[in-house]
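Accompanying notes for the structure given below.
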């Protein structure tokens, strides 16, 4: 192309309308889907206050905190690995995929942790469990200006935002969107490569439930 054609090409991009509105709302695709199920966001936040008054989050990674909502039957203590579990990632320019951390038997996490019993979270757990094969359920908190690793999980996840901000985004493969905290329930196909980032000034808190399907084999 000539210099004038190159200039014209770039100007055609500069003159396009820039979308600054839809990024503050949910925009799904086949990897991130808003389900029909919905919960009461105010009751969720009240329940979270109750739980936080009696329990503390564990720091699973820098800027990433987790509180186990379910456990194995008749188990009182879970290892830190159970807050994270198996995932796959590529670490360097070889692009070779490696497995990190231990596999977790998701289907064995059937019992609600005591501090959640009698709260609205118990209702949520019951409603999810009668509909889907639910494994580990965790409350995950992400600090401001923080991002997870780029990785994939053995199973998909359910996400229910409790607290968020416009800078909190979820990315699966090539798709990125905000998940508003309005009680909506989202299917996230985390069997694909994904990350969650919080580019906002406030922390982001989600209820995250693993869907206990057999591990995806690519």
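Tabulated results
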read-out	value
Mean separation of Cα contacts under 8 Å (6+ apart) over length of the stretch 80-218, as relative contact order %	29 percent
The stretch 9-104: translational diffusion in µm²/s, Stokes-Einstein, Kirkwood Rh over Cα pairs, 4 °C, 1.567 mPa s	69 µm²/s
Whether the stretch 142-191 is rounded, prolate or oblate, judged on the alpha carbon gyration tensor where a/c under 1.5 counts as rounded	oblate
Pairwise centroid distance, computed over Cα atoms, of the stretch 169-218 with the stretch 13-50, Å	11 Å
Cα gyration tensor shape for the chain, rounded if a/c is under 1.5, else prolate or oblate	prolate
Whole-number percent relative contact order across the stretch 1-133, with pairs defined as alpha carbons under 8 Å at least 6 apart	21 percent
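Each value in this text was obtained by applying a stated rule to the coordinates, not by laboratory testing. Bear in mind that the values here come from a model prediction, so they are computed numbers and not experimental data.
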